[in-house]
Structure formats: C-alpha cells, structure tokens
C-alpha cells in the first residue's frame with residue numbers, strides 16, 4: 001500500500017516539526033529548503049572558534065519542545081540540554097538606572113519593592129491576569145485553529161475569559177498596573193517578541209511577559225541551533241528526504257486540489273498535501289493566483305539589524321541578556337512603524353551566551369549577538385553606507401549606556417540586515433513574524449493553518465496561527481499536523 005505523500009516547503013523549525021510528526025504517522029515526507037542548511041531563521045554561523053545562533057536566543061515553555069520529541073518516542077534530554085538563564089535579563093535605561101530581572105520570585109519581588117511603592121502587590125495582580133490568559137490559551141488558542149468549530153473544551157474555557165484589563169490596548173494595561181516609568185518601559189518591550197508595537201497591540205498579549213516570569217528563560221548548551229540539528233537527525237533516521245539549496249517555484253493545483261510542486265529547475269514532484277513553511281502570503285504567489293502579491297509593508301511585523309561579533313577578551317560583568325533602552329521609546333516605534341525608518345536612537349539588545357556556555361567561544365573570547373529593531377521595507381537597499389550608519393547608531397546607544405569599548409577586540413563579525421533576511425529566508429522585506437499583531441484581527445486571526453480554498457494545502461510557522469516565537473511555532477506544527485490527520489485521514 002502506498003504511503004500518503006507530503007511536501008514541506010521550507011525547512012524552518014515549524015516545517016521540520018511538522019515533517020517529524022507526519023513521519024511518525026508513516027507519511028512519505030520531503031522537505032525542500034532554498035538555503036544551504038535546514039533551520040530557516042533558526043540557524044548558525046561559525047568562525048575561528050566562535051559559534052553564533054543567527055536567530056532566536058532565548059526559549060520559554062521548554063515542555064513544548066519535549067512533547068515534540070515524545071510524539072515520536074524520543075526523550076529530548078537524549079538529544080539537547082536545556083539550561084535556565086539567570087538572571088532573565090539586565091535592563092539599562094537612558095537615565096542611568098539599571099536593574100536585573102531574576103527568575104527567582106523572591107529576588108524579583110525584592111527588586112520590585114525598590115523600584116516602586118506597592119510594586120510587589122501590583123506585580124502579583126499582573127501575574128494573576130497573565131495566569132488566567134494562559135489557562136484560557138492552553139484550552140483554546142494554543143491547542144486548535146480559531147477557524148475550526150470550537151469543541152466542548154474550548155467552549156468551557158471561553159466562559160472563564162478575563163475581561164477586566166485584558167481587552168484594551170497593551171500599553172494602557174501595563175500603565176494601569178505599574179507606576180514606575182522603568183517598569184513600564186521594561187514591559188512595553190515584550191510585544192517586540194512578536195515583531196509589534198506596544199502602542200498598537202491588544203492587552204491580551206500581556207500573556208507574553210507572564211510566560212517568561214512564570215516558566216523562565218532557557219538556553220540550549222552549544223547553541224539553540226542544536227535543536228535543529230537534533231530534528232534533522234531524527235528526520236533522517238525516519239527516512240524523510242531533506243533537500244537543501246532547492247527553491248520551490250510553483251505550487252500546482254487542479255480544480256483547487258493540490259497536486260504537487262515545481263522546483264526552479266522545472267522538476268515536478270507530486271504530493272497529497274503541501275505544507276507552506278514560509279510567509280503565508282507567498283503561497284498565493286506560488287499558486288500563481290492573478291494579482292497575488294507578498295505581504296504589504298503596512299501589514300508587516302518588524303525586521304531587525306543584527307551584528308554577530310566575536311571578541312578576544314572576556315566581559316565578566318555582562319549578563320547573558322541585556323537591553324539598553326533608547327531615550328524615547330514611543331518615538332522609536334513611531335519611526336519604525338509610522339515613518340518606516342531605522343531609529344535615530346535604537347533600543348539595543350545584547351545576548352552573550354558564552355557567559356554560561358564556554359563551548360561556543362575560545363577560552364579568552366566572547367560571542368555577542370547585538371540587535372536593534374528595523375522596519376521591513378522593500379526599498380531599503382541596506383548598502384555599505386546604510387549599514388555603517390545603523391552600526392554607528394547602535395554603538396552610540398551602547399556607549400551612552402555604559403557598554404564596554406570592544407571595537408579593538410573584535411576578531412570576527414558579520415551583519416544581518418532586513419534585506420539579507422528577505423533574500424535568505426524569502427520573508428517580505430525581512431519581516432520576521434509575517435504580519436504584525438496590531439488590532440484584534442491581526443493578533444488572533446492570523447492566516448489559518450489549513451487553506452480555505454485549496455484542498456491539501458496547509459500552513460505552519462510564525463506567520464500563521466498561533467504566531468511567532470519558537471514554542472508557538474511548535475504549537476503551529478502540532479495544530480497543522482492534527483488538521484492533516486482530520487482532513488486527510490492519515
């Protein structure tokens with residue numbers, strides 16, 4: 001008996017996870033990835049003993065990863081080793097104030113008491129709201145597509161939906177809980193985890209900081225790319241064909257039934273289902289639908305400007321994660337989303353994973369991942385002059401915030417611009433999460449996991465439901481694979 005055939009378009013985390021789940025159900029699976037390596041945005045770069053993750057640098061909800069491995073009879077601890085990050089982050093503000101957020105609740109409560117009167121009580125109330133949103137999400141948003149008829153579990157959960165403070169605008173809800181300008185600014189940063197502005201997303205996404213406080217931040221020894229390498233090994237073991245350097249040119253559909261894909265070299269490969277693991281808007285382009293275009297600029301999430309730097313000295317005083325805030329956060333987001341330009345004074349995130357993992361740097365060196373948000377524009381050339389200007393602004397912010405002078409100690413470096421991301425990962429303008437999450441529709445009715453017109457076409461990844469971030473991408477893979485089970489009978 002012939003096995004059902006699935007083709008995954010894109011070898012990102014969501015595509016690999018879906019391929020693994022289908023292979024575990026005896027599907028014949030092939031993954032086509034345009035890049036040289038699997039992983040998509042979750043990738044790696046190594047030079048002269050320095051190893052860098054080029055994508056995500058922090059994980060939450062580690063049990064989501066464990067469940068994926070368990071779904072095919074594997075134990076994640078046999079493949080990768082998770083390490084808790086402590087402190088979760090160090091925050092530095094333009095006025096010179098700085099503090100650490102500890103994963104230890106008693107330690108964090110002590111910090112809160114020093115930051116504002118009643119800070120401890122306000123935080124616990126904030127966490128209570130987050131807990132209710134999390135419980136609701138586990139039974140609804142995280143578990144199933146909103147485009148499917150709700151089952152009894154979802155209907156029961158919806159009866160307990162929190163209304164007070166969960167239905168306004170994100171920044172207003174943050175301000176209702178916290179009076180300290182520094183705490184407000186810290187919590188206003190979390191919407192960037194989904195490439196969005198705190199001044200435009202719904203307050204329900206206060207769930208994001210809850211997850212980090214409640215379940216901690218996690219790193220993988222050897223770098224987060226080890227997760228991709230482990231998945232590749234499991235897929236190869238199960239006979240999944242992993243094809244790199246092969247771009248899908250077209251999705252073939254007849255009478256709205258998917259028949260296969262055509263590669264750039266003209267080769268046709270038939271399938272029962274095709275799974276789009278790329279920006280969902282590009283499926284219409286690949287289907288050659290009249291007038292189909294990639295995601296418009298006004299709908300795009302943020303991109304970023306990233307410097308990967310290896311230095312020949314140790315920075316013992318630097319935390320694993322540090323955020324250096326701009327002087328005017330609201331103005332920064334106006335530049336990013338309204339005027340669509342790289343900020344004059346960007347907030348800069350610095351990750352130094354070599355702080356707790358000496359396997360990724362030489363004995364007397366450090367690996368630095370330095371990032372600032374950028375708009376996802378098509379017209380930005382990101383030539384040498386623009387890169388130099390952005391780099392100058394990034395280091396200007398770092399110097400003003402007391403970051404050590406590392407310029408003369410740089411051994412290796414590379415830069416990732418929105419244009420490079422757009423070209424490497426086929427993301428419109430380099431938009432990391434597809435659409436932004438501004439407004440209720442964008443936040444909660446993202447492109448569906450199952451195409452509503454073409455039979456046999458499915459979607460997975462950060463641009464589709466339930467959204468961006470490594471754990472939610474794995475949730476997307478689970479939801480998509482269950483929809484395939486439901487509608488394809490296998």
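Numbers below:
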| quantity | calculated |
| --- | --- |
| Gyration tensor (alpha-carbon) shape descriptor, region 397-469, a/c threshold 1.5 | prolate |
| For the chain, the fraction of alpha-carbon pairs in successive 10 Å shells from zero, as % | 4, 20, 31, 28, 14, 4, 0 |
| For peptides 428-435, 237-244, 379-386, sequence by mean Cβ density within 10 Å, most packed first | 428-435, 237-244, 379-386 |
| Estimated 222 nm signal from helices in the chain, with DSSP H stretches of n ≥ 4 weighted -39500 (n - 2.57), rounded to 500 | -9500 deg cm²/dmol |
| Mean Cα-pair separation over length for the chain, i.e. relative contact order, pairs under 8 Å, 6 or more apart, % | 23 percent |
| Highest-first arrangement of 320-328, 67-75, 39-47, where packing means the average Cβ count within 10 Å | 320-328, 39-47, 67-75 |
| Region 1-62 - percent relative contact order, Cα under 8 Å, separation 6 or more | 30 percent |
| Helix 13-23 vs. the chain, principal-axis angle (Cα, 0 to 90°, nearest 10) | 40 degrees |
| Semi-axes of the equivalent ellipsoid for region 21-138, Cα gyration tensor, largest first, Å | 37, 23, 13 |
| Burial order of peptide ranges 346-355, 262-271 (average beta-carbon count within 10 Å, highest first) | 346-355, 262-271 |
| Relative contact order %, region 202-347, counting alpha carbon pairs below 8 Å whose residues are six or more apart | 10 percent |
| Between 0 and 90°, nearest 10: helix 470-488 axis offset from the chain longest Cα axis | 20 degrees |
| Prolate/oblate/rounded call for region 280-353, Cα gyration tensor, a/c under 1.5 rounded | oblate |
| The chain: angle of helix 225-237 to the longest principal axis, Cα-based, in degrees nearest 10 | 20 degrees |
| Prolate/oblate/rounded label for region 216-331 (Cα gyration tensor, a/c 1.5) | oblate |
| The chain: antiparallel DSSP beta bridges as a percent of all, rounded to 5 | 70 percent |
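FYI, it's all coordinate maths here, none of it is from the lab. Since this is a predicted model, take the numbers as computed values, not measurements. Neighbour counts are summed over all protein chains in view; Cβ atoms, including those assigned to glycine, are modelled from backbone coordinates with ideal geometry.
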